[in-house]
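Heads up, the thing below is written out as structure tokens.
Please treat every number below as a calculation from the coordinates, not as lab data. On a predicted model such as this, the values are computed, not experimentally measured, just so you know. All Cβ positions, even for glycine, are placed from backbone atoms using ideal geometry, and neighbour counts span all protein chains on display.
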Amino acid sequence: MKTSLVNSSLSDVDELATQYNTTLKSLLDKHAPETEKRVTHRPDTSWFSEDVHEEKRKKHHAERVWRHTRLEVHRQLYRSARNRYNKAVKSAKSDFIVNSLSTSDPRRLYSIVNNLLVMVNIINISLATGIVPTSFKRAVVQPLIKKAGLDPSACKNFRPVSNLPFISKLLERIVAEQLVQHLS
């Protein structure tokens, strides 16, 4: 690099600077390429206790055993471990919410209620106007293979799965409940 820049016949400063920058960029790209790093913002998981963590560990272990052996017995063990984990998560979340609401810390209580009020306000306005916000309609669509063992190079073996925002699912559930109440 040094010799090509020193021995360069260019006399224009701009061209020389451009060559210098190009050479440096190519060296950087070769020895320290840019990589994308995904940064995820994780919401507050204070409810995630040691018991829930243990159930999650058991569930993953049972799943690995089942995927390795493919035996029906291990599949049933995995399903029961998964169900225990899901119950533990649901229980821990509800206990956390009850404990959070029953605490005497007004700042924390205000924060929880304020977050709920924002969601309630958005949902009420959406129901009153009959308009679903555009951001609620945006989904991340991921193709998933229909069954293990199908040819992954054929597009017909995939199905689209849409990951919608949580609040849009909540709005959908509220509308469904109101329709059922209205029709019955």
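ASN157: net charge of surrounding residues, Cβ under 12 Å, Lys/Arg +1, Asp/Glu -1, itself excluded?
Net charge around ASN157: +3.
Of the listed peptides 29-38, 167-176, what is their order by residue-averaged count of other C-beta atoms within 10 Å, with the highest listed first?
167-176, 29-38
Given 5 Å bins starting at zero, what is the percent of C-alpha pairs of region 60-133 in each, up to the one with the largest pair distance?
Result, from short to long distances: 3, 14, 12, 10, 10, 10, 11, 10, 11, 8, 2 percent.
Which of LEU164, LEU144, LEU101 moves the most in a Gaussian network model of the chain with Cα springs under 10 Å?
Its mean-square fluctuation being the largest, the pick is LEU144.
Give me the orientation-averaged projected area of the Cα convex hull of region 116-158, in nm², one decimal.
5.1 nm²
I'd like the FRET efficiency for ASN115 and VAL141, computed as 1/(1 + (r/R0)^6) with the beta carbon distance as r and R0 of 22 Å, rounded to 0.05.
Efficiency, from the Cβ-Cβ distance: 0.20.
Which length gain, in nm to one decimal place, applies between VAL89 and GLU34 when the Cα-Cα distance is subtracted from 0.36 nm times their residue separation?
16.0 nm is the gain from fully extending VAL89 to GLU34.
Who wins for biggest fluctuation among GLN76, GLN142, GLN19 in a Gaussian network model of the chain, springs between alpha carbons below 10 Å?
Maximum among the listed residues: GLN19.
By Kyte-Doolittle mean hydropathy of at least 0.0 and Cα axial length of at least 18 Å, which whole DSSP H helices of the chain are selected?
106-129, 166-183
Determine the alpha carbon to alpha carbon distance for each of LYS58/LYS169; LYS56/LYS137; LYS87/LYS169; LYS59/LYS93 and list only those over 26 Å.
LYS58/LYS169; LYS56/LYS137
Which order do the peptides 117-130, 52-65 come out in when sorted by mean C-beta neighbours inside 10 angstrom, highest first?
52-65, 117-130
Give me TRP47, TRP66 ranked fewest to most by other Cβ atoms within 10 Å of their Cβ, as a rough exposure proxy.
Least to most surrounded, the residues fall as TRP47, TRP66.
Which option, (i) 1, 7, 14, 15, 15, 14, 12, 10, 7, 3, 2, 0, 0; (ii) 1, 9, 18, 21, 22, 16, 9, 3, 0, 0; (iii) 1, 6, 7, 8, 10, 12, 12, 10, 8, 6, 6, 5, 5, 4, 2, 0, 0, 0, is the value of P(r) over Cα pairs in 5 Å bins from 0, in percent that was calculated from these coordinates?
Read-out taken from this structure: (iii).
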